[in-house]
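Structure record follows, encoded as structure tokens.
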Amino acid sequence: MENKQFLAIGLVVAILIGVTAVFFAAGDPDGLESTAIVVQGEKDLFGPTPEDGDPEAVGHDVGFEYEAPMPDYAMGDDAGKMGEVIAVVVGIILALLIVFGVGKAVTASKH
Amino acid sequence: MHIPDVFIPLWQSAIYWVIALVFIALALRWARNELDDEKVPLIAVLAAGIFAIQAFNLPVGMGTTGHLVGGALAAIVLGSPYAAVFVLTLVLLVQAVVFGDGGITTMGANIINMGVIGGFVGYYSFQSIQKVARNPYLSAGIAAWLACLIPALAASVEMFVAGTFPLVEGMIAMGTYHAAIGVIEAFITAGALYLIASARPELIDTSTGVTV
């Protein structure tokens, strides 16, 4: 398989996975967030996660806040699923480009 | 296991960043020595694929979901733990800056857990298990499971030091959830290794013992 073909097929597969994820991925919190809810006493280790569980309630005021342009891989409630599709595709392409760019830059610096 | 900003006090985050930067420098040196025009597209596609699969949260029961992290996969395919540091650093950068997944101040800790610890555990446990098991897909699966569980335990120690989780309760919960999430990591890592080996066998590090 040629490099360009591999790159194109890989990108298409990644986008297919990402877009499928928008529609089929599960919504419960991840392991770290679940643990944060467990240590607050809001959730049993093996039990379901409460709807109103807030993992970040165990956090501290660290004096730093950052507002990402597309928080939670979405573009706000109005954009709905379409916003999530755009967000995940943007993310995939950005990940590809940044690794490609940094990879090219470091290999070029050899010469 | 992306740690948000509010989970670690700033001074501790700064320490994790300094440690992470040392490994990022080593990963850039690895990239300079090992990457060439053939391998750059592979590593870029791998990063895109890891980003996409990370978006796919699968239920693991217990009110919890998990997804691939990908440190073991990157390290095994490219034959170096620094490959995981390289890929995961850039993927975590995009996730934190664009999508708010994982903090900015805590990115150093996340790079250490998922890139450095995930990459080193994934790579060296793969190499050891492969000597005994002599089946690259089985070895990759077990290594990937460990590369999910051990970073999660490291994260729970960091959360204890940060005063965010109690030590024992945090380790039990983090360990339990990531032992389950690690099964996802195991199957996707073995499956992706097989797919890459089928498409571009010459790009897989020869020490993996993958033959097609």
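The values are calculated or read from the model by the stated rules, or taken from the named source; none is laboratory data. Bear in mind the structure is a predicted one, so any value in this text is a computation, not a measurement. When we count neighbours, we look across all protein chains shown, and the Cβ atoms used for this are built from the backbone with ideal geometry, even at glycine. Note: accessible area is taken over every heavy atom of the protein model, side chains too, but ligands, DNA and RNA are not part of it. Shrake-Rupley method; radii C 1.70, N 1.55, O 1.52, S 1.80 Å.
Remark: pairs (first residue in the range B:189-212, at positive phi; second residue open to solvent by 20 Å² or more (accessible area, probe 1.4 Å) and modelled with pLDDT of 85 or more; Cβ separation under 9 Å; 6+ apart in sequence or on different chains) = B:G209/B:Q130; B:G209/B:R134; B:G209/B:N135.
Filtered by the rule that a residue be open to solvent by 40 Å² or more (accessible area, probe 1.4 Å), part of a helix (DSSP H, G or I) and either touching a residue at least 40 places away in the same chain (Cβ under 8 Å) or under 14 Å from B:L78 (Cβ atoms) (or both), the range B:128-145 gives B:Y137, B:L138, B:I142, B:W145. Taken over the range B:81-114, residues that are of a type in the set (S, T, Y) and open to solvent by less than 10 Å² (accessible area, probe 1.4 Å) amount to 1. Residues that are facing chain A (nearest Cβ under 7 Å), farther than 21 Å from A:V106 by Cα and not small (G, A, S) within the range B:39-58 comprise B:F51, B:I53, B:F56, B:N57, B:L58, listed in sequence order. Of the residues that make up the range A:43-64, is at least one of a type in the set (S, T, N, Q) and open to solvent by less than 30 Å² (accessible area, probe 1.4 Å)? So far as the range A:43-64 goes, yes, one or more of its residues are of a type in the set (S, T, N, Q) and open to solvent by less than 30 Å² (accessible area, probe 1.4 Å). Cβ separations smaller than 8 Å between residues 6+ apart or across chains give the following pairs from the range A:74-94 residues that are within 13 Å of another protein chain (Cβ to nearest Cβ) to residues that are of a type in the set (S, T, N, Q): A:G91/B:Q95. A single member of B:A14, B:A72 is more than 17 Å from B:V94 (Cβ to Cβ), more than 7 Å from every other protein chain (Cβ to nearest Cβ) and surrounded by fewer than 19 Cβ atoms within 10 Å (Cβ to Cβ), and it is B:A14. Taken over the range A:95-110, the criterion of being more than 10 Å from B:A44 (Cα to Cα) and more than 7 Å from chain B (Cβ to nearest Cβ) is satisfied by A:A105, A:A108.
Would you pick out the residues in the range B:89-127 that are part of a loop (DSSP other than H, G, I, E, B), β-branched (V, I, T) and facing another protein chain (nearest Cβ under 7 Å)? Selection gives B:I104, B:T105. In this structure, B:M171 qualifies as within 21 Å of A:F46 (Cβ to Cβ), over 13 Å from the mean Cα position of the chain (by Cα) and either without any contact (Cβ under 8 Å) to a residue 12 or more places away in the chain or open to solvent by 50 Å² or more (accessible area, probe 1.4 Å) (or both). Candidates B:A109, B:A143: the one that is under 30 Å from A:M70 (Cα atoms), of a type in the set (G, A, S) and within 13 Å of the chain's Cα centre (by Cα) is B:A109. Can we say A:A36 is facing chain B (nearest Cβ under 9 Å), over 19 Å from B:P59 (Cα atoms), of a type in the set (G, A, S) and out of contact with any strand residue (DSSP E or B) (no Cβ under 9 Å at 6 or more places or on another chain)? For A:A36, the condition - facing chain B (nearest Cβ under 9 Å), over 19 Å from B:P59 (Cα atoms), of a type in the set (G, A, S) and out of contact with any strand residue (DSSP E or B) (no Cβ under 9 Å at 6 or more places or on another chain) - is not met. Here B:I19 clears all of (1) buried (at least 23 other Cβ atoms within 10 Å of the Cβ); (2) β-branched (V, I, T); (3) touching a residue at least 24 places away in the same chain (Cβ under 8 Å) except the condition numbered (1).
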